[in-house]
Amino acid sequence: MKIVHVVEAFGGGVYSFLTELCNALCDKNGYEIVVVYSVREQTPKNFKKDFSKKVKFVHVDMCRGLNPYKNIRSLFKLKKVLDIENPDIIHLHSSKAGFLGRIASYMNRFNMNKVFYNPHGFSFLQQNESKFKRKVFLALEKYASRFGGSIVGCSKGEYEEALKIQENCININNGINTKKIDEILKSIDKKKGLKESITIGTIGRICYQKNPQQFNQIAEKFPKYNFVWIGDGELKNKLTSSNIQVTGWMERKKVIEKLLDLDIYIMTSLWEGLPISLLEAMYLEKPVIVSDVIGNRDVIESNENGYVCSGVDEFIKKIKILIEEDSKREEIGKSARQSICKFYNEKIMLQEYKKLYMSLESIGD
């Protein structure tokens, strides 16, 4: 079976998701995989080394934004690539790829029952855009849905949003490769002395979506404690509190090593799909405190495996609880790991995608 994955947002959590999915399908299950991609600022320079050597790559520039000329040009380039590759299944990732990919597939008279679209966070939920733009994005989603295909929500919340657009929707939760994390852990020297202070941190691109202003506000309320932002980005200048360390982009092993150093993991995001970094922190038994948005609230059950907060004051209150109660940090951390092992691991996710793909084998072109 040949599957073409089309991705515009080739970085961050979408990138992590795609590497795990493609490698597992390619190496363990014998699928022929083609990745049609665009490059973003956060796309790793040597990204091919993270994928199986069996994966084929085709570059198509799918520009961000609403430029009609550039989008039409991208559409016809994508149409040509899909025509040449002639896959059994087309799987689209992120809003732009979802829009262009469904139209291109329809133009090629491809069987739309074999087209899947993962938004990984709908564009019409992005609060950095004006209300007008968000209405345009929603209208474009509804327009593209007319061409057919199924929307795959990577969390329960995203699935519920998808149902507002069309009936043909599926929920397959994101999952992480816990075995790979375990392998990294074995290679890390975890011998440490007593820590002088609690360390609180997060992972991700420092951009509007991740709400660095709120992260900074929280850090300012805890001047005696260390805060770490693992990553980099255009809004780095918003992290002005003297107790915040920004690591810059790091290789995978270093990220896990830094994550291990954290005592509390927080996410102040304004919107999400289902964040991979959150799942990884939970697997490493970090007590997590997250914003009340899709994805975050789908994974976290407050007071059980973490805390969901609706504002700075709530974040401060929950952080104080975790700072003061070592046993609470340990209890929530262990519960968080159990959630990942039970519901959000790669094995479960892959079984669901394989089941989805295999259900189409009997359907003709």
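The values are calculated or read from the model by the stated rules, or taken from the named source; none is laboratory data. Predicted, not measured: the structure shown is a model, and the values here were computed from it. FYI the Cβ positions are ideal-geometry reconstructions off the backbone, even for glycines, and counts take in every protein chain you see.
What residue, among those in segment 51-98 that are among the acidic types (Asp, Glu) and either in contact (Cβ under 8 Å) with a residue 40 or more places away in the chain or assigned to a loop (DSSP other than H, G, I, E, B) (or both), is nearest to Ala24 (Cα to Cα)? The residue in question is Asp88. Can you name every residue in segment 260-285 that is charged (D, E, K, R) and buried (at least 24 other Cβ atoms within 10 Å of the Cβ)? Result: Glu272, single match. Of the listed requirements (1) surrounded by 14 or more Cβ atoms within 10 Å (Cβ to Cβ); (2) assigned to a helix (DSSP H, G or I); (3) not assigned by TED's automatic domain parsing to the domain that holds Lys317, Leu185 misses just one: (3). Listed conditions (1) in contact with a helix residue (DSSP H, G or I) (Cβ under 9 Å, 6 or more places away or on another chain); (2) part of a loop (DSSP other than H, G, I, E, B); (3) in contact (Cβ under 8 Å) with a residue 24 or more places away in the chain are all met by Ser197, apart from (1). Applying a threshold of 6 Å to beta carbon distances and a minimum spacing of six or more residues, or different chains, the list of pairs starting in segment 234-247 at a residue that is of a type in the set (A, V, I, L, M) and ending at one that is at pLDDT below 95 and part of a loop (DSSP other than H, G, I, E, B) reads Leu235/Cys207. In segment 13-61, the residue that is farthest from Asn174 (Cα to Cα) out of those that are among the small types (Gly, Ala, Ser) and surrounded by fewer than 17 Cβ atoms within 10 Å (Cβ to Cβ) is Gly30.
Only one entry of Ala9, Ala24 meets the criterion of being within 27 Å of Glu352 (Cβ to Cβ) and more than 17 Å from the chain's Cα centre (by Cα), and that entry is Ala24. Which of the residues that make up segment 251-265 are hydrophobic (A, V, I, L, M, F, W, C) and over 18 Å from Phe215 (Cβ atoms)? Once the filter is applied, which keeps residues that are hydrophobic (A, V, I, L, M, F, W, C) and over 18 Å from Phe215 (Cβ atoms), segment 251-265 yields Ile256, Leu260. If I filter segment 102-112 for residues that are closer than 22 Å to Phe47 by Cα and either modelled with pLDDT of 95 or more or part of a helix (DSSP H, G or I) (or both), do I get at least one hit? Checked against the condition, which is being closer than 22 Å to Phe47 by Cα and either modelled with pLDDT of 95 or more or part of a helix (DSSP H, G or I) (or both), segment 102-112 yields no hits at all. Taken as a whole, segment 98-110 holds at least one residue that is over 27 Å from Asn174 (Cα atoms), in contact with a helix residue (DSSP H, G or I) (Cβ under 6 Å, 6 or more places away or on another chain) and surrounded by fewer than 22 Cβ atoms within 10 Å (Cβ to Cβ). Just one of the listed residues (Ile294, Ile321) is in contact with a helix residue (DSSP H, G or I) (Cβ under 8 Å, 6 or more places away or on another chain) and at pLDDT below 95, and it is Ile294.
For the condition hydroxyl-bearing (Ser, Thr, Tyr), more than 30 Å from Asn296 (Cα to Cα), in the same structural domain as Val36 (by TED's automatic domain parsing) and within 25 Å of the chain's Cα centre (by Cα), Ser123 does not qualify. Within segment 113-160, restricting attention to residues that are exposed (fewer than 15 other Cβ atoms within 10 Å of the Cβ) and of a type in the set (D, E, K, R), the residue that is farthest from Gly11 (Cα to Cα) is Arg146.
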